[in-house]
Each structure stands twice: as structure tokens, then as C-alpha cells.
Amino acid sequence: MVKILIRPVQIEDAQGMLDVINPIIRAGGTSAIEVEYSLETQCDYIANIGPRAACNVAIEEASSAIVGFQGYELHANLPDHIADISTFVRIGERSRGIGRQLCDFTFKSARANGFTEINAAIRADNFEGLAFYSRMGFRDHSVLRAKPLKNGKRVDRILKRRPL
Ligand SMILES: CC(C)(COP(=O)(O)OP(=O)(O)OC[C@H]1O[C@@H](n2cnc3c(N)ncnc32)[C@H](O)[C@@H]1OP(=O)(O)O)[C@@H](O)C(=O)NCCC(=O)NCCS
């Protein structure tokens, strides 16, 4: 398991987060996000994280680089005891335990923030995302059928949930 430090995001982390997420968006096929983020939108996101939300970054001890991050927040389609989660680990750093360590941190944080359950919405063609959340204790909850992508392709979203 890679040695990382996990802590709440700070505004100075914006570029490091972009270096994680934009290559994932460019590669396609996993995230439902299809347009790369700019430094401005990322700073805006960090500055406006609400009281019932959090984002935590994983920093590799050896390099001090951000190698992943995970956020949770309220979602308009979910009751307020269920948080919605998303996780991103840098391409090239996968399967080294970063996602699992982020989950340990996030679950504690979300519990302390009043949530009793956590939801993940995963593209049905994102096999690594589905496998990852299953290993983290999430179970299938429901399916949102044929959600359109920008290229017109329609992909189901699998909703998986886990008690906290
Ligand atoms: C999904 C993702 C976050 C996993 O992160 P990671 O750091 O590689 O995960 P870990 O190494 O901590 O793995 C945790 C567990 O999930 C399992 N897992 C992770 N990726 C897997 C894969 N591709 N296939 C099967 N199992 C997998 C691991 O075996 C591990 O189980 P174990 O600890 O019991 O051995 C990462 O691949 C990613 O960023 N993907 C792109 C973005 C994405 O799809 N996010 C999810 C939707 S929001």
C-alpha cells in the first residue's frame, strides 16, 4: 500500500486535483464528467464546499503530489441522510490502496457530518468503478436507465449504497 497523507482540500490543491481528474476525463469511459475542468472552476468548487459536504485529497508522502481525491455531498435526488460520493485516483497510481484509504477517511467524516448512508452513481460500463465500490461495501440499489452522454451514447448509471 502506497504511503499517503489524507487531509481536507485547500485552495492551493486546485492544480494538483486537475492533474488527477483531467487525464481521467480525457481518457473517457469511466467518469460521467465529459468536459475538463479549468483552474477557475476547480478553485470555485473548493471555495464553495458546503457545510454538509467535504473533499479530501490523498498526498503521496514521497513526492508530495496529489494522487487522488474523494468528495461527498448532498444531492438533489437524495434524502438528507444520504451523501453522494465520488472518487478519483491518478492514472498510473491505481490498485495501490489509495481509494480504500480515502474511503476510510471519508466514511468517518460523512458519519460525523450526520449522514447514515452513502450513495455512489457509477456508469454501467465503468467496470473498475463498480468493482471498487463493491469492495468498499457498497451494494446495488437501483439503475438509472440510459442516461445520455454528450456524444449521444446512452449509458445506464448503477446506484450503489452503503450504510455508514
Ligand atoms: C475506481 C478507483 C477510484 C479505484 O481506486 P484505487 O486506488 O485503484 O483503489 P484501491 O487500490 O484502493 O482498491 C480498493 C479495492 O477495490 C478493488 N479494485 C480497485 N480497482 C479494481 C478493478 N479495476 N477491478 C477489480 N477490483 C478493483 C481492489 O482490488 C481493492 O480491493 P482490496 O483492498 O480488497 O484488495 C480508480 O480506479 C479511479 O480513479 N477510476 C477512475 C474514476 C472512477 O471511475 N471513479 C469511480 C466513479 S466516481
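Side notes on the structure shown:
- Region 50-164, dipole about Cα centre (Lys/Arg Cβ +1, Asp/Glu Cβ -1), debye to the nearest 20: 420
- All other residues whose Cβ lies under 10 angstrom from that of Ile46 are scored, Lys and Arg at +1 and Asp and Glu at -1, for a net of -3.
- Electrostatic bookkeeping for Phe105 treats Lys and Arg as +1 and Asp and Glu as -1; over the other residues with beta carbon under 14 Å from its beta carbon, the sum is +3.
- Phi to ³J(HN,Hα) by Karplus 6.51 cos²θ - 1.76 cosθ + 1.60 over region 112-124, Hz, x for Gly, Pro: 5, 8, x, 8, 10, 8, 9, 10, 10, 9, 10, 4, 5
- Using the Cβ of Ser134 as centre and a radius below 12 Å, the other residues enclosed give a net charge of +3, where K and R count +1 and D and E count -1.
- Residues Ser134, Ser86 arranged by fewest to most Cβ contacts within 10 Å: Ser134, Ser86
- Kirkwood-type radius of region 4-163, with distances r between different C-alpha atoms, in Å: 16.1
- Evaluating 6.51 cos²θ - 1.76 cosθ + 1.60 at θ = phi - 60° for every residue in region 128-141, the Karplus couplings come out as 5, x, 5, 5, 4, 5, 4, 5, 8, x, 7, 10, 4, 10 Hz, glycine and proline recorded as x.
- Placed amide H near Lys147: partners under 5 Å, 5+ positions off or other chain: Val155, Asp156, Arg157
- Reach of Lys147 by Cα under 21 Å, taken over lysines that are not fewer than 8 positions away in the same chain: Lys160
- Percent RCO, i.e. relative contact order, over region 4-163, from Cα pairs under 8 Å lying at least 6 residues apart: 20
Taken together, the values in this text are just the output of simple stated rules run on the coordinates, not laboratory data. Every value quoted in this text rests on a predicted model; they were computed, and no experiment measured them. Using ideal geometry, Cβ is built from the backbone for each residue, glycine included, and neighbour counts are taken over all protein chains shown.
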